[in-house]
Amino acid sequence: MAASVRITVNGLRHKVTASLDTPLLYVLHNELHLHGPRFGCGLAQCGACSVLLNGKEIRSCVTPVGAVSGKPITTLEGLPALWAKERGSTSSAPELHPLQQAWIELQVPHCGYCQSGMMIQGADLLATNPRPSAAQIRTAMNGHLCRCGTYPRIAKAIQAAAKVVAKGGQK
């Protein structure tokens, strides 16, 4: 049975009508037209659907929308605003989060399907550990699957973004 649910996504409040057990991914994609999180496996195994909930990475394909009401959700589209907030910036959000910029500069994606989830997990990691070692990056990224095998470039991009994050946004 459909219910009215209030969710906050990328800093904006939304009222959506959905069954409380509807996967958050479906609401983000079909109702809010956000295409960062992607349907991969539907079983929380690949990470393509990852979003941040209260700043922690979750798999939106298995998270019911009823479980996230009133909690801040960040998708790939909201990473720049999150970055501005983390730095305490009162000006407008930058165009890109340091991870997104590093992804572009290092030409990380091959097909790109998994990359949104990879950046979301990377943002979770950098929020808690702005100077991760290579081993910590590998550990944090476990459970995120890339069919194209761009793992080395993903790790390099996270390391490049970490340098920007550690300096508070200055390259």
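The values are calculated or read from the model by the stated rules, or taken from the named source; none is laboratory data. Keep in mind the model is a prediction, meaning the values are calculated, not measured. Methodologically, a virtual Cβ is constructed for each residue, glycine included, from the backbone with ideal geometry; neighbour enumeration extends over all protein chains shown. Heads up: the accessible areas ignore ligands, DNA and RNA and are worked out on the full protein's heavy atoms, side chains in. Shrake-Rupley method; radii C 1.70, N 1.55, O 1.52, S 1.80 Å.
Structure notes:
- Note on the range 85-101: among residues that are of a type in the set (A, V, I, L, M, F, W, C) and crowded, with 17+ Cβ neighbours inside 10 Å, the one that is farthest from the chain's Cα centre (by Cα) is Ala93.
- Screening Cys61 with (1) of a type outside the set (Gly, Ala, Ser); (2) open to solvent by 60 Å² or more (accessible area, probe 1.4 Å); (3) assigned to a loop (DSSP other than H, G, I, E, B); (4) within 27 Å of Pro152 (Cβ to Cβ) gives one miss only, at (2).
- Boolean, Thr90 is β-branched (Val, Ile, Thr), in a strand (DSSP E or B) and without any contact (Cβ under 8 Å) to a residue 40 or more places away in the chain: no
- Test: residue in the range 113-120 that is in contact with a helix residue (DSSP H, G or I) (Cβ under 9 Å, 6 or more places away or on another chain) and surrounded by fewer than 20 Cβ atoms within 10 Å (Cβ to Cβ): no
- Test: residue in the range 134-155 that is open to solvent by 50 Å² or more (accessible area, probe 1.4 Å), touching a residue at least 40 places away in the same chain (Cβ under 8 Å), of a type in the set (Lys, Arg) and out of contact with any Cys (no Cβ under 6 Å at 6 or more places or on another chain): yes
- Of all residues in the range 69-84 being assigned to a loop (DSSP other than H, G, I, E, B) and at pLDDT 95 or above, the one that is surrounded by the fewest Cβ atoms within 10 Å (Cβ to Cβ): Lys71
- Check on Gln107, loosely packed, with under 15 Cβ neighbours inside 10 Å and closer than 22 Å to His35 by Cα: yes
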